[in-house]
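Structure first, commentary second.
The values are calculated or read from the model by the stated rules, or taken from the named source; none is laboratory data. What you are looking at is a predicted structure, and each value in this text was computed from that prediction instead of being measured. Counting neighbours? That spans all protein chains shown, and the Cβs are built from the backbone with ideal geometry, glycine included. Quick note on the areas: whole protein, heavy atoms, side chains included, nothing else; ligands and nucleic acids left out. Shrake-Rupley method; radii C 1.70, N 1.55, O 1.52, S 1.80 Å.
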Amino acid sequence: MRSIELVLAPDPDAAVRAAWDALIAADLPSLGRSGTNSPHVTLAAGDDLPVPDGFDVPVPTSVRLGGLLLFPAGPDRSVLVRAVVVDPELAAFHAAVHRVAPDAVETSSPGAWSPHVTFARRVRDADLPRAVAALRAAPLPETLTIGGVRHWDGETRTVTPVA
């Protein structure tokens with residue numbers, strides 16, 4: 001799988017990593033356990049996404065976080081994320097990404113996309129209260145500054161900076 005992602009500037013990146021660390025300290029699943037994960041917002045995902053040459057609208061300078069969300073992850077398990085609010089600037093950039101990468105999976109396409117920052121995958125539903133408490137101990141700023149755009153190739157584990 002390949003993806004095109006917004007990456008965070010150093011301070012918000014560190015804040016998300018602190019939230020990952022808070023989950024680890026509570027002995028819960030966390031993206032921080034891998035050591036290779038990097039905080040991001042996926043814009044497009046698919047098997048054949050090319051590395052874009054650029055975009056016809058500017059990269060957003062920041063994104064605003066919404067509430068805590070759960071995505072299903074199998075029986076009695078959830079993916080724990082914070083929503084990203086889709087404002088006109090982010091919507092325009094997301095559409096620009098899909099103009100240069102039209103073969104994305106449906107769930108990342110305009111009209112079906114739920115942008116978010118992921119904290120943990122496969123959290124047991126019984127552990128959700130502890131996970132929420134851990135995240136409250138490592139609050140994130142309301143707005144996250146964007147540091148750039150990257151293309152991720154999961155097959156080759158290659159990151160290519162785009163913008």
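Quick look at the numbers
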{"quantity": "Any hit, region 7-27, residues being over 22 Å from T143 (Cβ atoms) and assigned to a loop (DSSP other than H, G, I, E, B)", "calculated": "yes"}
{"quantity": "Inter-residue pairs, beta-carbon under 7 Å, first closer than 15 Å to R157 by Cα and in region 34-52, second assigned to a loop (DSSP other than H, G, I, E, B) and acidic (D, E), 6+ apart", "calculated": "G46/D103; D48/D103; L49/D103"}
{"quantity": "Identity of the residue in region 139-163, farther than 22 Å from L49 by Cα and at pLDDT 95 or above, that ends up least open to solvent (accessible area, probe 1.4 Å)", "calculated": "L144"}
{"quantity": "Condition broken by V57, with the remaining ones in (1) more than 17 Å from the chain's Cα centre (by Cα); (2) buried (at least 17 other Cβ atoms within 10 Å of the Cβ) satisfied", "calculated": "(2)"}
{"quantity": "Index of the failed condition, V57 passing every other in (1) touching a residue at least 24 places away in the same chain (Cβ under 8 Å); (2) assigned to a loop (DSSP other than H, G, I, E, B); (3) under 22 Å from P129 (Cα atoms)", "calculated": "(3)"}
{"quantity": "Scan of region 60-85 for residues that are part of a loop (DSSP other than H, G, I, E, B) and open to solvent by 30 Å² or more (accessible area, probe 1.4 Å), ordered by number", "calculated": "T61, G74, P75, D76, V85"}
{"quantity": "Pair list, Cβ < 7 Å and 6+ apart or interchain, from region 137-152 residues that are in contact (Cβ under 8 Å) with a residue 24 or more places away in the chain to residues that are among the hydroxyl-bearing types (S, T, Y) and assigned to a strand (DSSP E or B)", "calculated": "T143/S62; L144/S62; T145/S62; I146/S62; R150/T160; H151/T160; W152/S3"}
{"quantity": "Residues being among the polar types (S, T, N, Q) and within 21 Å of P12 (Cβ to Cβ) - total across region 82-135", "calculated": "2"}
{"quantity": "Members of region 28-48 that are part of a loop (DSSP other than H, G, I, E, B) and at pLDDT 95 or above", "calculated": "L28, P29, S30, P39"}
